[in-house]
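A.B. asks: Could you have a look at this structure, given as structure tokens, before my questions?
What follows is calculated from the coordinates using simple rules that are stated; it is not laboratory data. Quantities reported herein were computed from a predicted structural model and do not represent experimental measurements. Here the Cβ positions follow ideal geometry from the backbone for every residue, glycine too, while neighbour counts run over all protein chains shown.
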Amino acid sequence: MDIVVFFIASVCAIASAIAVVAQKNPFVSALALLGNLASLAALMLLLEAQFVAAAQIIVYAGAVMVMFLFVIAYVGPRGEIGPGVRKPWLVALSVFAALLIAVEIVVVVMGASLGSVASVDANYGSPAAIGEALVTDYLLAFEVVSVILFMAAVAGVVFGTGGRPVRLSNDQVLAKEGESAVERRREASRAALEAARDSTTGESAR
Amino acid sequence: MVDGVILTIIKSLVLASVLMGFFAYMTWVERKLIGRFQARYGPNRVGPYGLMQPIADLGKMLQKENMIPEMAHRKLYIAAPFIAMTCAIGAFGLMPFGDVATIPGTDWTIHLYIADTSVSLLVVAAIGSLGFYGLMIGGWASSSKYALLGGMRAIAQLVSYEVAFTLAVIGVIIQAGSLSFISIANAQEHLWYIIPQFLGFLVFFVAAVAESNRPPFDLTEADGEVVAGYHTEYGGMRYAMFAAAEFINAITLSALGAVLFLGGPSGPFLPGPIWMLLKIGAFLFVLIWIRATLPRVRFDQLMKIGWKVLLPVATLNLLLTAVAVVYL
């Protein structure tokens, strides 16, 4: 049973990983990445890591990939995208990077004794065990990560709203530029109001 | 899996069939109730009291032509309703209908749930968030502005309300000390969590209505703004699958509310499954009542309620619960 699940999940993981780069439609690519993450969650289940598997789906599928798809669907290209400009040094670099990762995987697999299955107690990977580890052994790392995430959230808000021009009140304009500037502002808003009124009456007349 | 592969498969099939039957007749109940709320009869032509109405609807849906828009992404367009439906039924599969029961006349015992894992609650949340991909893919693949806008609204709504929803549920988790539905239901033997977790229950309920896209939070299919939202371009059985998935999601969230706040399948005199269905029915009745009563909120109101009201209240509830659990 375990082996069957392992092979199905592994094949799905590899196939979807290939599809991420092979698909020409970015929306479908993102969906393939989602499939890859789901397959990894299935593999984690086999490693007795139920909490991590569920968290993987909730965090990546429920939040991260949703945002990817949101952006692609709104502002991305609808159809397929053609091949980009192929620079020889880029091709060489990517092949080199792929080789490096392959060597690393081989070294790790050869170095680790994967012949035997590690035995863990029933509580291993349960939410209670992970929660306890987070607030005892790894408390510092946990708190540092939460501070970083909080900073990222604040930064997001600042970037999201910072570029917008601030509309000053009449008093602030008066203090800064004097009486004539306020008068000009009033003129401008009156003109805008009149223009709006003209257009609406025009609409109804038509 | 507690009882082997074959029994699990049989139980899954039984649960899925019961769920579909329950869903079909809840649509009848909904139409009948809304009729009464609006001082009319509701469906009463097909069979006694209109009881054959769901079957007539199914027949009508099955006969319709399956259209695919010319510009649509064909494969994803066809897949989207299946994704929505699969996730909706899958999430319901973890709901407990009791602990262990003995089949009358024999000494065979059977577990009245399909699976009870240490992370059941998270699994339901995970499958629920996957279900939203059905709406999003459907909205994108139809290649229609209204469908795309509806799908995007669904996602924005999900992201905003899932935070408050999860925080509200964490209060229950802290008090029960478990993520398993059976343990949570058993922990409420003496006192239903709706009383100590009342604040959390309010947030849970509002967020659940929003997550199941029910009125007054059904902005994904606001007919005055985005026609029918993500399923604008769908017809026949494909549309029916979207509608069914949405209603089944409402049933699942009702079941979740029953387990987390109303003691799950426990209750006097009647067996567990009956109590569970009664509690789900109570939740659904309130949902239908709300649908017949309240007007739809605006989109900025929806966001304001989610981030500025529900989230702080849920956080407060979480803090109070944590303090109470540690010091009381």
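A.B. asks: Return yes when B:Ser143 is at the interface with another protein chain (Cβ under 8 Å from one of its Cβ atoms) and in a loop (DSSP other than H, G, I, E, B) and no when it is not. Steps first, please.
C.D. replies: On the way: at the interface with another protein chain (Cβ under 8 Å from one of its Cβ atoms): yes; in a loop (DSSP other than H, G, I, E, B): yes.
Yes; evaluated as a whole, the condition is true for this residue.
A.B. asks: Let me ask another. Of the conditions (1) more than 14 Å from every other protein chain (Cβ to nearest Cβ); (2) in contact with a helix residue (DSSP H, G or I) (Cβ under 8 Å, 6 or more places away or on another chain); (3) aromatic (Phe, Trp, Tyr), B:Phe198 fails just one. Which one is it?
C.D. replies: (2)
A.B. asks: Would you kindly identify the helices (runs of 4 or more DSSP H) lying entirely within segment B:215-328 that contain at least 1 residues that are of a type in the set (Lys, Arg)?
C.D. replies: Numbers: elements: B:223-226, B:236-261, B:272-293, B:299-304, B:311-327.
Here the list reads B:236-261, B:272-293, B:299-304.
A.B. asks: Just checking, how many residues over segment B:275-300 are β-branched (Val, Ile, Thr) and in contact with a Gly (Cβ under 8 Å, 6 or more places away or on another chain)? Spell out how you get there, then give the answer.
C.D. replies: Step one: list which residues in segment B:275-300 are β-branched (Val, Ile, Thr), which gives B:280, B:286, B:288, B:290, B:293, B:297.
Pick out the ones that are also in contact with a Gly (Cβ under 8 Å, 6 or more places away or on another chain) and you get none.
Adding up the residues that qualify gives 0.
A.B. asks: Does segment B:95-111 contain at least one residue that is closer than 23 Å to A:Ala61 by Cα, within 15 Å of the chain's Cα centre (by Cα) and in a loop (DSSP other than H, G, I, E, B)? Show your work before the answer.
C.D. replies: Kept after step one, since they are closer than 23 Å to A:Ala61 by Cα, are these residues of segment B:95-111: B:95.
Those left that are additionally within 15 Å of the chain's Cα centre (by Cα): B:95.
With the extra rule that they be in a loop (DSSP other than H, G, I, E, B), the set shrinks to B:95.
Yes, the conditions are met somewhere in segment B:95-111.
A.B. asks: Output the helices (runs of 4 or more DSSP H) that fall wholly within segment A:1-84 and possess 2 or more residues being within 12 Å of chain B (Cβ to nearest Cβ) and among the aromatic types (Phe, Trp, Tyr), or say none. Walk me through it before giving the result.
C.D. replies: Numbers: elements: A:2-22, A:26-46, A:50-56, A:65-75.
By residue number, A:65-75.
A.B. asks: Which of the residues spanning segment B:109-138 are more than 10 Å from chain A (Cβ to nearest Cβ), touching a residue at least 60 places away in the same chain (Cβ under 8 Å) and under 22 Å from B:Lys11 (Cα atoms)?
C.D. replies: B:Ile110, B:His111, B:Leu112, B:Tyr113, B:Ile114, B:Ala115, B:Asp116
A.B. asks: If you don't mind, there's one more thing I want to ask. Assuming B:Ala91 fulfils every condition listed in (1) within 16 Å of B:Glu246 (Cβ to Cβ); (2) at the interface with chain A (Cβ under 8 Å from one of its Cβ atoms) apart from one, which condition is it?
C.D. replies: The single condition B:Ala91 does not satisfy is (2).
A.B. asks: For segment B:20-64, which residues satisfy the criterion of being among the aromatic types (Phe, Trp, Tyr), farther than 26 Å from B:Gly90 by Cβ and outside any loop (DSSP other than H, G, I, E, B)?
C.D. replies: Looking only at segment B:20-64, we keep the residues that are among the aromatic types (Phe, Trp, Tyr), and these are B:22-23, B:25, B:28, B:37, B:41, B:49.
Adding the requirement that they be farther than 26 Å from B:Gly90 by Cβ leaves B:37, B:41, B:49.
Result: B:Phe37, B:Tyr49.
A.B. asks: Looking at segment B:159-168, which of the residues that are surrounded by fewer than 24 Cβ atoms within 10 Å (Cβ to Cβ) and closer than 19 Å to B:Ser254 by Cβ is farthest from the other protein chains (Cβ to nearest Cβ)? First the steps, then the outcome.
C.D. replies: Let us first name the residues in segment B:159-168 that are surrounded by fewer than 24 Cβ atoms within 10 Å (Cβ to Cβ), namely B:159-160, B:162-163, B:166-167.
Narrowing the set further to residues that are closer than 19 Å to B:Ser254 by Cβ leaves B:162, B:166.
Values: B:Glu162: 7, B:Thr166: 9 Å.
Only one residue fits best here, namely B:Thr166.
A.B. asks: Only residues that are polar (S, T, N, Q) and either in contact with a Pro (Cβ under 9 Å, 6 or more places away or on another chain) or more than 18 Å from B:Trp192 (Cβ to Cβ) (or both): list them for segment B:257-305, please.
C.D. replies: First, the residues of segment B:257-305 that are polar (S, T, N, Q): B:266, B:293, B:301.
Hits for segment B:257-305 are B:Thr293, B:Gln301.
A.B. asks: Can you name the residue in segment B:212-249 that is of a type in the set (Gly, Ala, Ser) and closer than 17 Å to B:Phe23 by Cα and is also surrounded by the most Cβ atoms within 10 Å (Cβ to Cβ) among such residues?
C.D. replies: So the first thing to find is which residues in segment B:212-249 are of a type in the set (Gly, Ala, Ser), and the list is B:212, B:222, B:224, B:228-229, B:235-236, B:240, B:243-245.
From the residues that got through so far, the ones that are closer than 17 Å to B:Phe23 by Cα too are B:212, B:240, B:243-245.
Values: B:Ser212: 21, B:Ala240: 20, B:Ala243: 19, B:Ala244: 22, B:Ala245: 25.
For segment B:212-249, the residue satisfying everything is B:Ala245.
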